[in-house]
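Below is one structure, written out as structure tokens, with a few remarks after it.
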Amino acid sequence: MNLTIRGLDRRATLLLALVTTSLALSTSQVLAHNVTEGDAGYIQEIWGVNIIPFMYLGAKHMVTGYDHILFLLGVVFFLYRAKDVGIYVSLFAFGHSTTMLLGVWFGWGVNAYIVDAIVGLSVVYKALDNLGAFQRWLGFQPNTKAATLIFGLFHGMGLATKILDYDIAPEGLLANLLAFNVGVELGQLTALAIILIVMGFWRKSPYFFQQAYSVNVVMMTLGFILMGYQITGYFVAA
């Protein structure tokens, strides 16, 4: 009986890995902070303050942003206390919000391929951290809170770079950016709630740690795939 259950758990882990990888590879345009054509057209056409639409766009970006979800999953993967989850998610949110708002407001454009490659690196880094790789390789644990904040800054800069590409109207810019950011945070809370609920059930499995290794390897692989697409795109576009 135990062998049967273990076999099923291994199959479930393999299925999760295959499905996740397939979804990533089937994305028509692998850009971590891509904005859909419909949303881009809407951003370019509207004028003045539009609180609700920008909140919706912000929430949609977070919930459908697989780069954010993967990094967020990696951050909370081994966090069991609500206090720790709150601290790390707040650090990520602060970093993400800061560079998104300031980047658009002051026009800090960065090459999208480079920043999105760093976003992919953030997923790789967090997966390796969860696997204990840095302790084995370096002999010490890097500051996880500082890393979460720093990578949050890059995630926000990636989004700012994309928004700048669409020449958002200056009228009502600050209010719209703040509304967009509120939407991002609402979307993040929604995604976080789903992740924590799933993780809560998953952690009760006696094979959680065995499966956790496989899932983090998949996360690392997806991060490398994202990095590869962006680096290739950079040289092709050069």
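Could you give me the ³J(HN,Hα) list for the range 119-131, computed from phi with Karplus coefficients 6.51, -1.76, 1.60 and θ = phi - 60°, whole Hz, x at Gly and Pro?
Ordered by residue, 3J(HN,Hα) equals 4, x, 4, 4, 5, 4, 4, 5, 5, 4, 4, 5, 7 Hz.
Using the Karplus equation 6.51 cos²θ - 1.76 cosθ + 1.60 (θ = phi - 60°), what ³J(HN,Hα) coupling, rounded to whole Hz, does each residue of the range 162-170 give in order, writing x for Gly and Pro?
Each residue of the range 162-170 in turn: 5, 4, 5, 5, 9, 6, 4, 4, x Hz.
Filter the trypsin sites (Lys or Arg not before Pro) in the range 49-88 to those in DSSP coil with at most 16 other Cβ atoms within 10 Å of their Cβ, and list the result. Walk me through the intermediate numbers first.
Values: sites: LYS60, ARG81, LYS83; in loops: ARG81.
When the trypsin sites (Lys or Arg not before Pro) of the range 49-88 are filtered for loop state and at most 16 Cβ neighbours within 10 Å, ARG81 remain.
Can you give the accessible area of THR232 in Å² (nearest 10), computed on protein heavy atoms with a 1.4 Å probe?
80 Å²
Putting +1 on Lys and Arg Cβ atoms and -1 on Asp and Glu Cβ atoms, find which of GLY95, LEU192, PRO170 reaches farthest to the positive end of the dipole of the range 89-238.
Checking the options against the dipole of the range 89-238, the answer is LEU192.
With a 1.4 Å probe and all protein chains kept in place, how much accessible area does SER90 have, in Å² rounded to the nearest 10?
Per-residue accessible area (SER90): approximately 70 Å².
Please list TYR207, TYR113 from largest to smallest accessible area, probe radius 1.4 Å, with all protein chains kept in place.
Details: TYR207 30, TYR113 80 Å².
Highest to lowest solvent-accessible surface, that is TYR113, TYR207.
Leaving out ligands, DNA and RNA, and with a 1.4 Å probe, what % of the accessible surface on the range 49-208 is carbon or sulfur? It would help to have the intermediate numbers written out before the result.
On the way: 5150 of 7220 Å².
The computed percentage sits at 71.
Show TRP202, TRP108, TRP137 ordered by accessible area, largest first, where the area counts protein heavy atoms only and the probe is 1.4 Å. Please report the intermediate quantities before stating the final value.
Details: TRP202 50, TRP108 115, TRP137 165 Å².
The ordering from most to least exposed comes out as TRP137, TRP108, TRP202.
Give a residue-ordered list of calculated ³J(HN,Hα) values for the range 49-66 (Karplus: 6.51 cos²θ - 1.76 cosθ + 1.60, θ = phi - 60°; whole Hz; x for Gly, Pro).
Result, rounded to whole Hz: 7, 9, 5, 4, x, 6, 4, 4, 4, x, 5, 4, 4, 5, 5, 9, x, 4.
The values are calculated or read from the model by the stated rules, or taken from the named source; none is laboratory data. Please read all numbers here as calculations on a predicted model, not as lab measurements. Using ideal geometry, Cβ is built from the backbone for each residue, glycine included, and neighbour counts are taken over all protein chains shown. In case anyone asks, the SASA skips ligands and DNA or RNA and just uses the protein heavy atoms, side chains included. Shrake-Rupley method; radii C 1.70, N 1.55, O 1.52, S 1.80 Å.
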